[in-house]
Amino acid sequence: MRGLRFRLTLSYVLFFTVLLVAIGLFFRKTLELQLEGDVRDALTLEWDAAKGYLKIENQRDIWIADETDPEEAFIVSRIKHVFLVADSNGVPIDWDETYESIRFDSPNEIRAVLAQREPIIQQRWDRTGTPYLIKAGRVPSEDGKPYFFAIGRSLGPARATVHRFTRAYFWSLPVMIALTGLLGWALAGRAIRPLNLVAHAAQSVTGSNLSQRIPRRGAGDELDHLIDSFNRMTVRLNQSFEQIRRFSTDVSHELRTPLTAIRGQLEVAVFTAETPEQYREAVINALEDVEKLSSIVRALLLLSQAECGQVVLQKSPIDLAELARDVVDQFQIPAEGESVSLSATLDPGAVVLGDHTQLERLLSNLLSNAVKYTPAGGSVKVSAGPAESPGWVRLVVEDTGMGIAAENLPHIFDRFYRVRNADTSAVEGLGLGLSFVAWIVEVHGGTIGVESVDGEGSRFTVLLPAAESAPEPGPGEASVTEYDDRLIS
């Protein structure tokens, strides 16, 4: 009973039951009004005919009709089937038994009718409960006095017809409902058949088979929309699984290296060290590897906290040019050690409202990557200053290093993503640096873009709102997920 097919069928049955009942009641009322209207029309015709046949003289009603004419005789007999003639005081002059069973009109009722200029029609019942339509009005006598005259027609045949229709219709209603249920069951099965096919296809998608896609039906309906949504979801899940697998591989590799080094240093200290200096050197080397291990764990913890919103920004006005000058000074010695030229072009007026620690981490991560991926003899340039669009500050880090291939550019800001090739395999890292950069830019309301040529270098452009305002970036400015592929060879 909880199945979709059963609920759809039940909905069909309930809907059509209500619809059929409503249709039956509508036609019943329509038939009733139509038959009653026919009786009213016939009563009006008889009333008009009666005025031509009835004459009142000396307190007596006289019916003028040719008894040899069957048609006139029938009309008069039909009129006199239910009739009453009374004087202005309410005294009956002539009547039939049917009208007597209906009840004579009281003198007050007769006087009220005589006071009307037009005849009235009312519904009354005889002793057996049969309804009648009674039309009553005034007719003049030969001396000009008004007399009460009423005729009637039974509504019994009309009501009997309505009753027979109602009984026949509602007796057949269960059959129609049963047929509706069978039809609804068949239609519901036909409607959910594609859904069952989609569910069957979805069951075949597993964690090891996330690349499988459900084919679209081509109908362009809600089910195709559901299939598209499901396929997009599997794409995202597949990407997440790939990131987790890459992360597990990178973490195991990055953690295994310092752990192996620590173990080796401690084994040296235990098995080969003979002097205090040798023990001291082994312990110092082990501590360095422990510090490297700790930095990896801290990076993972910080990224987790940032993604969960647990990192609170301490924003204040910061001169981005001054901050860039300090960070560049810190990287001069590492750059010289790698035989890389590091220079900066800093313009005044680059004040932003931001967190000093996070902005420093942003620039440090960009410079660290630039120095690591730039071969000896290359150069790294940093520039900071007002952007071309008013209200924005530009920070640019440009290098002449390895560059990034076109197929890797859309993913470089993904967590744990690292470019895998012969040139980058020797460079240590977890692939978290640019993820941090993207997060820092985002929480500061800015944008980041990258232009790169494989084998020639990369250019990262960060736009941050100036301290005075934060308008939208102007045309041509980079966004957080955009990159310029016009420069990619």
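Remarks
- Qualifying residue in segment 80-92 (condition: closer than 30 Å to residue 165 by Cβ and touching a strand residue (DSSP E or B) at 6+ places or on another chain (Cβ under 7 Å)): yes
- Segment 86-102, subset buried (at least 18 other Cβ atoms within 10 Å of the Cβ) and aliphatic (A, V, I, L, M), residue farthest from the chain's Cα centre (by Cα): 86
- Qualifying residue in segment 448-469 (condition: surrounded by fewer than 19 Cβ atoms within 10 Å (Cβ to Cβ), over 37 Å from the mean Cα position of the chain (by Cα), modelled with pLDDT under 80 and not polar (S, T, N, Q)): yes
- Search result, residues across segment 352-380 that are surrounded by 17 or more Cβ atoms within 10 Å (Cβ to Cβ) and farther than 18 Å from residue 439 by Cα: 370, 371, 372, 373, 374, 378, 380
- Candidates are the residues of segment 113-122 that are out of contact with any Asp or Glu (no Cβ under 9 Å at 6 or more places or on another chain) and free of Cβ contacts under 8 Å to residues at least 60 places away in the same chain; the one that is surrounded by the most Cβ atoms within 10 Å (Cβ to Cβ) is 114.
- Filter pass, residue 205 being touching a helix residue (DSSP H, G or I) at 6+ places or on another chain (Cβ under 7 Å), assigned to a helix (DSSP H, G or I) and of a type outside the set (Phe, Trp, Tyr): no
- When restricted to residues that are among the small types (Gly, Ala, Ser) and out of contact with any Leu (no Cβ under 9 Å at 6 or more places or on another chain), segment 350-384 contains 5.
- Unmet requirement for residue 140, which otherwise passes all of (1) over 30 Å from residue 58 (Cβ atoms); (2) open to solvent by 60 Å² or more (accessible area, probe 1.4 Å): (1)
- One residue stands out among those in segment 165-209 that are modelled with pLDDT under 80 and among the β-branched types (Val, Ile, Thr): the one that is surrounded by the fewest Cβ atoms within 10 Å (Cβ to Cβ), which is 206.
- If you go through segment 143-156 and pick out every residue that is open to solvent by less than 50 Å² (accessible area, probe 1.4 Å), farther than 21 Å from residue 34 by Cα and of a type in the set (Gly, Ala, Ser), you end up with 1.
The values are calculated or read from the model by the stated rules, or taken from the named source; none is laboratory data. Source: prediction; values computed, not measured. Cβ sites come from the backbone with ideal geometry, for glycine too, and all protein chains shown count toward neighbours. When the accessible area is computed, the model is the full protein with side chains, heavy atoms only, and any ligands, DNA or RNA have been set aside. Shrake-Rupley method; radii C 1.70, N 1.55, O 1.52, S 1.80 Å.
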